[in-house]
Amino acid sequence: MVQPFPDDFKPVLETDFQIFLFENHFKTVFPEIFCLFASVLLLIYGVLYARIHQANADTLRRKMKIFPPIMVNHVSLLVILAFLLTLILMFNNPIMHATIFYNTLVCDDLIFFCKILIICSALLSVCISLDYVRKQALNAFEYIILLLLATCSMLFLISSADMISMYLAIELQSLCFYVLAAFKRNSEFSTEAGLKYFVLGAFSSGVLLFGCSLIYGFTGITNFSELTKIFSCTGENQHFTGALIGMIFVAVGFLFKITAVPFHTWAPDVYEGSPTSVTAFFAITPKIAILGLFVRLFESSFYDLNTEAAFSLQLGTTQGVSTTFNKLLSMEFTSTLPWQKIFLFCSIASMIVGALGAMNQKKIKRLLAYSSIGHVGYFLIGLCCGTVEGIQALLINLIIYLVMTINIFAIILSPVRRDFVHSVQRIKYISDLSVLFKTNPILAITLAVNFFSMAGLPPLAGFWGKYYLLFSAFSCELYLVAIVGGLATVLSCVYYIRLVHISYFEKIQNRLIFERVPKINGWILAITFFFILFLFVSPGATRRSTSITRSLLQRIEIRDHITDRHA
């Protein structure tokens, strides 16, 4: 018989609690959320207040034919402030290690390290281009906001732990890049660059999406950590041949984004046609995000993906090829994993094409495009190794590459003046550097030191980056890629030293004089020059950075058995 509750009965379970769904998740990505909201608020600010400036601009345009910038100065300073605040929020984030939003995003030390590099590179890219944006009449405040939005997308890309979030982030980044490449609407070259980038970028995005769909179709999973568990437990399995093909398509889609050979053909045209400030941004920031994602994706998720049908490379003895070289090829490619074979080929091809392609260039931005392609080949060496030492070398070389590229573009973006032209112009041809030592010796010395560093001459910073990468390749018995890397370094010295020869000893063709370098460009040049020149003074600094990188990689446990397999 059911007894009724007494009058003084009180239930034990109270209902005065609250559930805060995703409370800590939003705290983890608060810097990214701030960056995204800053982009939206600055866009609203520009739209509302640009009308007043537009009315004043119309008056000046009718009377004096002057085209004043529309909100560019204000928005540029606010974007720099947004970058600085995002950097502060990143350092003061209380949650540094978490897997959030149902395994969609992840945060750890490696991702934190790459995010800091992304924000610093974007901030420096904006700072060195302020004078260029004002004097080249890029009179649209949306330009700087697109840089901020693209940086925000890269922060989400590097944090992606799922293929869906990865694809959404890479598409947001690509959409911003398409507009930035064609932003100089009165230039046919810029329009052509934007159209080429859009068509080929859409194709690469389709290839990437097709690869993701193949992986999902054969595994039923899109999460990176779950893919790691599946592939590490199956070993050689014919059922995952489709997933292997999907992995190839994913790699091809991303290799296009970082201008690796043979997916590099768009880079020289886009770098040349885009505004120089956009070229500086393209050359630095996207590579950090995609290479950081490569480390997580291929050194963890796809590391154990292997099938019996995977790249069965049959290397027979051919006429005209020595037996020693044939054995070297066989040892190089038969002892590696499928994804390593892709990166080995792209690394070797990128270093060769980058070194040979830059020799015949007459325009400075096309030369730097091929130089960037060559550096991508060196970056891929660190991924080819599949070891912690290789990833250490990759991250250290990324820092050095960032500093060197910022230094060279800070010079290129500085205003110059020709004797026969009164308007302020920029460096376009390599012949514009002729007799720079006589007109501006300080810039000439800075340029020479930077080019020597990019060529890999000791004891400058660029030498240490290539030294670590080639040493890690030798330690993994990747002798072919290490030898090609050394030869490509020798070839790159040809065109880098040629630029130094032009700036010091070339005869004057069109006299070009640098105007006063903007203060912010001067400070950036001084800091980067000091880093490039005096890194060798304290060899312990490189060792400490190596140990820091090692601790970052070991804490996230990329793969505990990577070194065991190569031992």
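For this structure, a couple of remarks:
- Remark on Lys363: its backbone amide H falls under 5 Å from those of Ile430, a criterion applied only to residues 5 or more positions apart or on other chains, H modelled at 1.01 Å from N.
- The residues of the range 125-183 expose on average 24 square angstrom of accessible surface per residue, using a 1.4 Å probe on protein heavy atoms.
- Among 391-401, 190-200, the order from most to least packed when residues are scored by Cβ within 10 Å on average: 391-401, 190-200
- Listed cross-link partners Lys135/Lys362; Lys196/Lys365; Lys287/Lys362; Lys341/Lys365 are compared with a 28 Å cut-off, the Cα-Cα value being larger for Lys341/Lys365.
- Estimated vicinal HN-Hα couplings, Hz - the range 181-197 in sequence order (Karplus 6.51, -1.76, 1.60; Gly, Pro = x): 5, 9, 6, 7, 5, 8, 10, 5, 5, 5, 5, 5, 4, x, 5, 4, 5
- Each residue of the range 338-355 was assigned a 3J(HN,Hα) from its phi angle through the Karplus expression (A = 6.51, B = -1.76, C = 1.60, θ = phi - 60°), giving x, 5, 5, 4, 4, 5, 4, 5, 5, 5, 5, 5, 5, 5, 6, 5, x, 6 Hz with x at Gly and Pro.
- Put simply, the amide H of Asp162, placed in the peptide plane, has neighbours under 5 Å in Phe224, leaving out anything fewer than 5 places away on its chain.
- Ranked by how many other beta carbons lie within 10 Å on average, peptides 201-210, 426-435, 277-286, 92-101 from highest: 277-286, 426-435, 201-210, 92-101
- Two-site FRET efficiency, Tyr467 against Asn186, from Cβ-Cβ distance with R₀ of 51 Å, rounded to 0.05: 0.65
- For the range 374-417, alpha-carbon Rg and Dmax in angstrom: 14.2, 50
The values are calculated or read from the model by the stated rules, or taken from the named source; none is laboratory data. These figures come from a predicted structure and were not determined experimentally. A quick note on method: Cβ atoms are made from the backbone with ideal geometry, for glycine too, and the neighbour counts reach across all protein chains shown. Each accessible area value is taken on the protein alone, full model and side chains, heavy atoms only, with ligands, DNA and RNA left out. Shrake-Rupley method; radii C 1.70, N 1.55, O 1.52, S 1.80 Å.
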